[in-house]
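Have a look at this one.
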Amino acid sequence: MRITRLTIRNLRRLAQVELQPGPGLNLLVGENGAGKTSVLEALHLMAYGRSFRGRVRDGLVRSGAEAVEVFVEWRPGGHGDGATRRAGLRHAGDRWTGRLDGADVAQLGDLCAALAVVSFEPGSHALVEGGGEPRRRFMDWGLFHVEHEFLPAWRRYARALRQRNALLKAQRPDAELEGWELEMAAAGDEMTRSRGAYLARLDRQLAELVPSLSPGLGAAELAFQPGWRRQEVSLADALLLSRGRDRQVGHTTVGPHRADWRVRVGAAPEGEPLSRGQAKLVALACLLAQAADLGERHGAWPVVALDDLASELDAAHRGRVLALLERTGAQVFVTGTDWAPLERPRRRADAVMFHVEHGRVGPLPATGREPGGPGPVGPE
Ligand SMILES: Nc1ncnc2c1ncn2[C@@H]1O[C@H](COP(=O)(O)OP(=O)(O)OP(=O)(O)O)[C@@H](O)[C@H]1O
Ligand SMILES: [Mg+2]
């Protein structure tokens, strides 16, 4: 997957930005607050319907503007081949409109399914250290891209769960719960089978990735937690057994909506807490495992966005992750405040450099002109 054109309007301080990224490594450098992360948020928004820094309504729309707008053109093939696709999203926080290849889209999910982007950013360690929500979102986003039956099962389950919760709150009799529990069990079993198979594939990807990405972490192992004691009871029975407790708390306490997964690494064999840097490396390995799986399934790696790479990883890890990505042929976006840590990648033949300054993004000619020189090329 290769983005050939990116237009951003009214995203944080970016009033209007247009970029023509290169097919390989794209480096975006500028001082603090210049708008570098915002460029990556635009890509993330198109692929997830939200930013990695929160929802659209949490400050993504530029002050004074009505909505953020992102337009992307890309070629879906592994070598940047395939017919050009186009997507546009206008999002005002509480409402949105989207276009995909010239047609309106009815569901935001349809738009997000088109362009795959994997983002690693300063908050990514939450994937390892935080609550279950980001891990479930990670797992389901990956599945949603590789398995068409997953989203319908997920929607059926979510609807039945909402109904059961409403009945529990209203203290309705057991007979009314039964139908929804059957529906939850049917859809939930299907979701869980997909999730289990998906995480087993990611486990294999991790086993391959971690030794080359971060040998110091030791062997990595990913374990799935389905959300109930699946080894002992069926989902239908688990729901039946938890009715009493669920009535007391007023919601459903077991089931795939409580699913989770964990990575155990050799460096912390008993599940000891990881250092912040180690947690970041594990999170990065999981994201790359997901990207590798997508790459295998689609024959094309997703776009990879690495925010503030130099402050997240040491030089050795930076070098390894960029070398690994170069081998895959993925299109990569890397931001940083300084050219110095990116000096080596910058010398790569396919590297394209952008200077971000005061919310404007301009190409940096390959002739070695340094930022701070004649100034960036601004928007039209
Ligand atoms: N809703 C908004 N409207 C206008 N400006 C905003 C909005 N939200 C954030 N900003 C401004 O946008 C900038 C944030 O941009 P961004 O986080 O992309 O910068 P950055 O280049 O990644 O900086 P850093 O190097 O510190 O990570 C800040 O200057 C901030 O004040
Ligand atoms: Mg930033």
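Since every read-out is calculated from the coordinates, none of them should be taken as a lab result. This structure is a prediction, so every number in the text was calculated from the model and none was measured. Every residue, glycine as well, gets a Cβ built from its backbone with ideal geometry; the counts of neighbours run over all protein chains shown.
For Ser194, what is the net charge nearby, where nearby means another residue's Cβ is under 12 Å from its Cβ and Lys, Arg count +1, Asp, Glu -1?
-2
Additional query: Quick one: which residues, 5 or more positions from Trp261 or on another chain, have an amide H under 5 Å from its amide H? H modelled 1.01 Å from N in the peptide plane, none for Pro or chain starts.
Residues meeting the criterion, in which the H sits 1.01 Å from N, are Gln225.
Right, another one. Of Ser124, Ser212, Ser194, Ser63, how do they rank once you tally other Cβ atoms within 10 Å and put the fewest first?
In order of increasing Cβ crowding within 10 Å: Ser63, Ser212, Ser194, Ser124.
Within segment 46-103, report the trypsin sites (Lys or Arg not before Pro) that DSSP leaves as loop and that have at most 16 other Cβ atoms within 10 Å.
Counting only loop positions with at most 16 other Cβ atoms within 10 Å, the trypsin sites (Lys or Arg not before Pro) in segment 46-103 are Arg55, Arg95.
Now a separate question. Quick one: Karplus J couplings for segment 252-260, per residue in order, coefficients 6.51, -1.76, 1.60, θ = phi - 60°, nearest Hz, x for Gly and Pro?
Once θ is set to phi - 60°, the couplings for segment 252-260 become 7, 9, 10, x, x, 6, 9, 5, 7 Hz.
Relative to the longest principal Cα axis of the chain, at what angle does helix 315-328 sit, 0 to 90 degrees, rounded to 10?
Between helix and principal axis, roughly 80 degrees.
Could you work out the equivalent-ellipsoid semi-axes for the chain, taking the square root of 5 times each eigenvalue of the Cα gyration tensor, largest first, in whole Å?
They are 39, 25, 18 Å, listed from largest to smallest.
Expressed as a rounded percentage, what relative contact order does the chain have, with Cα pairs under 8 Å and six or more residues apart?
Relative contact order of the chain: 25 percent.
Through the Karplus equation 6.51 cos²θ - 1.76 cosθ + 1.60, θ set to phi - 60°, convert the phi angles of segment 117-130 into ³J(HN,Hα) values in whole Hz; use x for Gly and Pro.
Calculated HN-Hα couplings, in order: 10, 10, 10, 10, 8, x, x, 5, 4, 4, 4, 9, 9, x Hz.
Helix 276-298: angle to the longest alpha-carbon principal axis of the chain, degrees 0 to 90, nearest 10?
90 degrees
Still on this model: Starting at the first residue of segment 143-151, write each ³J(HN,Hα) from the Karplus equation 6.51 cos²θ - 1.76 cosθ + 1.60 with θ = phi - 60°, in whole Hz, x for Gly and Pro.
For segment 143-151, the Karplus-derived couplings read 5, 4, 7, 10, 9, 5, 7, 5, 4 Hz, x marking Gly and Pro.
So, one more: For segment 283-328, what ratio Rg/Rh do Cα atoms give with a Kirkwood hydrodynamic radius?
Ratio of gyration radius to Kirkwood radius for segment 283-328: 0.98.
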